[in-house]
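Right, one structure below, let's go through it.
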Amino acid sequence: MGMILINLIFFILITSISPFYGFDPLDPHANITIKWDLLQSNSDTNDVRVSLFNFQLYRHIEPPGWKLSWAWTGSEVIWGMWGAEATEQGNCSAFRGKQPPHCCEKEPVIVDLLPGAPYNMQSQNCCKGGLLSSMKQDLSKHIATFQMNVGGAADYSEFAMPDNFTLGIPGYTCGKAVEVQPSRYRTGSGRRWTQALRTWTVICIYSQFISSGVPKCCVSLSAFYNDTIVSCPRCSCGCRGQPGTTCVEFGETPPLLQQKHNPNEEPPPVVRCSQHMCPIRVHWHVKQSYKQYWRVKMTVTNLNIMRNYSQWNLVVLHPNLESLTQVFSFNYAPLSQYGHINDSGMFWGIRYYNDMLLQAGKSGNVQTEMLLYKDPGAFTFKEGWAFPRRISFNGDECVMPQPDDYPRLPNNGHNIFINPFIALFSLLFFTFML
């Protein structure tokens, strides 16, 4: 009875906690951290610096970008802002006869400035349109920073930290602000250090379960030794005719393309009609086998006719990635999060070449080939070993076919790789016999 109770508690913890907190075993420390530095405090205003750090190895923030929001605990207003701007000024009628504040909203929504913003409005690490790169793809662009002057009609000598932080990005949940050691900054020639008066951090975690009720991509498989092409599982991302699922046939123009779309909002997916109804399909093809190496071709197809994917990436889990020899047309970096285990890696496009995955059409795909060394002690084509265990696109796990459906070796599969000298000898033998 006691063991049953322990198992029941464990099951409840796993099923209730994991989806909410979005723990990813391939990136166990992933989060976006909001750091709030109180730089200077006067009797009526405070100077604040806010920074966003994307501490995720492969999940990045795409257009339309982050929209940071919080709730003031008092009657604060934002007098001035550099490196970002509030989407609404709000009701500033209490400040008649004065230069109105930048924002009087109780719950302001802050967005990053666009590239090319006037110099006097910029701050360090600003002006990327709300985009944040993942740490593996571009470490120099995983931070965003802005500054603001906060005050109001009351005495603000005692600063009150706001609450209810949100990023404005589907799937992210932010915790409460926690006060930490004040940040330190180098100034001048770099020999002097200054520090903030007080510093708080807010941790935001991504969950695919919260982001979307349905998957966003699927995987299909094929191999040179089998004529079968294993398609994405039926209804991987939805079924045709279901509410909320919009698809168009080839040559058909969707009605949504004739409507104006808000550039600050992500367009709803409109996909090419298929049995799986996924915006993204990843195809893994076992292409060739050599004496010491084997070759794989991987193709990513965009079936979403409403969206381009910038700075896309793939994460693949496969036991032979430890012996990956060469990758063509993509960038690659291993994800060695557990020291001695090296069975996962990240692929992404080459800048200005294929880092943009275009909308559905003739150019709506990117592909690569990779060469892997055959480990004599582990390599085999049997039992689906040559196929990946897991694939993620832009941090969202794709739907895999069932293992029983994987392309299998024929019954005489061991005769596929015949030594050419044996073949020549057999041919000469049978020729002379005839």
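The values are calculated or read from the model by the stated rules, or taken from the named source; none is laboratory data. Note that the structure is predicted; figures quoted are calculated from it, not measured. A quick note on method: Cβ atoms are made from the backbone with ideal geometry, for glycine too, and the neighbour counts reach across all protein chains shown. The protein model used for the area step is the full one, side chains on, heavy atoms only, and it has no ligands, DNA or RNA in it. Shrake-Rupley method; radii C 1.70, N 1.55, O 1.52, S 1.80 Å.
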By its C-alpha gyration tensor, with a ≥ b ≥ c as the square roots of the eigenvalues, how is the stretch 217-371 shaped: rounded for a/c under 1.5, else prolate for a/b larger than b/c, else oblate?
-> prolate
Setting aside same-chain residues fewer than 8 positions from residue 106, which aspartates and glutamates have a Cα under 14 Å from its Cα?
-> 76, 88, 163
When each of 136/216; 67/136; 67/362; 35/98; 128/297 is checked by Cα-Cα distance, pairs over 29 Å = 67/362; 35/98; 128/297
How much area per residue is accessible in the stretch 66-140 when the probe is 1.4 Å and only protein heavy atoms are counted (Å²)?
-> 52 Å²
Any chance you could check the Cα centroid distance between the stretch 21-78 and the stretch 314-336 for me, in angstrom?
-> 32 Å
Counted charge near residue 38, where neighbours are those whose Cβ lies closer than 12 Å (Asp, Glu -1; Lys, Arg +1) = -1
With label points built 7 Å along Cα→Cβ from the Cα atoms of residue 363 and residue 382, find their separation and express it in nm.
-> 4.8 nm
With θ set to phi - 60° and the Karplus curve 6.51 cos²θ - 1.76 cosθ + 1.60, what are the ³J(HN,Hα) couplings of the stretch 100-105 in order, to the nearest whole Hz, using x for Gly and Pro?
-> x, x, 5, 7, 10, 5
Gyration tensor on Cα atoms of the stretch 87-210, a ≥ b ≥ c root eigenvalues, a/c under 1.5 rounded, else prolate if a/b beats b/c, else oblate, says rounded
Take the alpha-carbon centre of the stretch 178-234, take the same for the stretch 89-113, and report the distance between them in whole Å.
-> 32 Å
Quote the FRET efficiency, to the nearest 0.05, computed for residue 225 versus residue 329 with a Förster distance R0 of 30 Å and r equal to the Cβ-Cβ distance.
-> 0.80
Using θ = phi - 60° and the Karplus form 6.51 cos²θ - 1.76 cosθ + 1.60, what ³J(HN,Hα) does each residue of the stretch 200-213 get, whole Hz, x for Gly and Pro?
-> 10, 10, 10, 9, 10, 10, 9, 9, 5, 4, 6, 4, 8, x
